[in-house]
Amino acid sequence: MPVESPASTEPLRDALARPLRDLRISVTDRCNFRCTYCMPAEIFGERYTFLARDEILTFEEIERLVAVLVPLGIEKLRITGGEPLLRHNLPQLIRQLRDRTGIQDVALTTNGTLLKRMAGQLRREGLTRMTISLDSLDEDIFHRMNGEKLSVAAVLEGIETAAAAGFAPVKINCVVQKGVNDHTLVDLARHFKGTGHIVRFIEFMDVGTRNGWDMKQVVTGEEIAGLIGAELPIEPEEPNYFGEVARRWRYADGSGEIGIITSVSQPFCGDCTRARLTTDGQLVTCLFATGGTDLRGPLRAGASDDELREIVRAIWTNRHDRYSEERTAILAEEGEGGEREGRVEMYQIGG
Ligand code: SF4
């Protein structure tokens, strides 16, 4: 039975009056890439043990949890991973979520390399938006940042396939690391300028515990805008909506726009409306959280929808998260290595 349509409810607000509106759902902890800032190959090697099948939420469990959350205000979903396209039959989950919850806005974040055989079906099953990760057009840097297995060409083909399937404009996420790919940002911007696709440059973040983050490797949003603007003049643009993560910049010649995500230099916790569901059913209220609340246990133990909803209501109404705003003070007190122990890993929540 479809639940009440999303728009009709007054969203639940947290302790900082931020509404619960966006849910990011990690459908697998596996990936065919080995990005250094998320799943470094030296840790996630051939012998690494990922979650067992019975540990991960089934489609029916995901669908039920989303349906439980809609009356609390959830109106946008983002499917992530690991690499979500590795989850068998993913288009079916999209259809189930659309039909059961009435949510119209369902997006996906992927590395794009498995889209060739799936883009059309994802579109038919109701996927509305697509974000594809590409950190550089330079093959060597691509391999250095994302692993040896695949190629820039495979990702570019994925972007074309997504556009052909009706997902244009595609958002293209690029994690920027000083001394790694910052000298190739302009090439990436120039490649997509005038295509309608939107490249979003992301400041390198201290997510999880495994990416060796160092403030010295952060290229700030201002520096990124400076690098791009020096060759491709840009002007600041108004946000599309409250809580939009990327700061928008339009090309002065009218040929499109880019985005810059400034979690480190200009935090945006004040309008953070995002909750995250891990592959094994933990509800996480911040990208930098040191843990979540288990929903899989009560769900499998027979909790009713109301009981599950009350668990989430208690979590969100007591939410004070604003790590990015507190980062500077925490780093000053604890140093760059402090505080990270026990943090939820990027591949468990998909960003
Ligand atoms: S640091 Fe946490 S609270 Fe701040 S914007 Fe990111 S996810 Fe939201």
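Each value in this text was obtained by applying a stated rule to the coordinates, not by laboratory testing. What you are looking at is a predicted structure, and each value in this text was computed from that prediction instead of being measured. Here the Cβ is made from the backbone with ideal geometry for all residues, glycine too, and neighbour counts use every protein chain on show.
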* Which of LYS171/LYS216; LYS76/LYS171; LYS193/LYS216 have a Cα-Cα distance over 24 Å? -> LYS171/LYS216; LYS193/LYS216
* Could you work out the Kirkwood radius for segment 101-168, taking every pair of different alpha carbons, averaging 1/r and inverting it, reported in Å? => 12.6 Å
* State log₁₀ I(q)/I(0) for segment 258-351 at q = 0.11, 0.13, 0.19, 0.20 Å⁻¹ as given by the Debye formula over alpha-carbon point scatterers of equal weight, solvent excluded. => -0.39, -0.53, -0.99, -1.06
* Going toward the positive end of the dipole of segment 6-349, with +1 on Lys and Arg Cβ and -1 on Asp and Glu Cβ, which of VAL312, ALA168, LEU287 do you reach last? -> ALA168
* Asked: Can you list the residues, at least 5 places off or on another chain, whose amide H is less than 5 Å from the amide H of VAL199, using H built in the peptide plane?
  -> ILE172, GLY259
* Run through the DSSP bridge list for segment 6-349 and note the antiparallel percent, rounded to the nearest 5. => 30 percent
* Working from the pairwise distances between different alpha carbons, so that the mean of 1/r is found and then inverted, what is the chain's Kirkwood radius in Å? -> 20.7 Å
* Taking the Cα centre of the chain as origin, work out the dipole magnitude from +1 charges on Lys and Arg Cβ and -1 charges on Asp and Glu Cβ, in debye rounded to 20. => 920 debye
* **Label-zone membership for segment 38-52, site ASP294, 7 angstrom Cα→C-beta point, backbone N under 18 Å** => 51-52
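What's the whole-number percent of alpha carbon pairs in segment 124-277 lying beyond 29 angstrom?
Values: 1877 of 11781 pairs.
Of the Cα pairs, 16 percent sit more than 29 Å apart.
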* Asked: Going by Cβ distance under 4.7 Å, what cysteines of the chain have no possible disulfide partner?
  -> CYS31, CYS174, CYS269, CYS272, CYS286
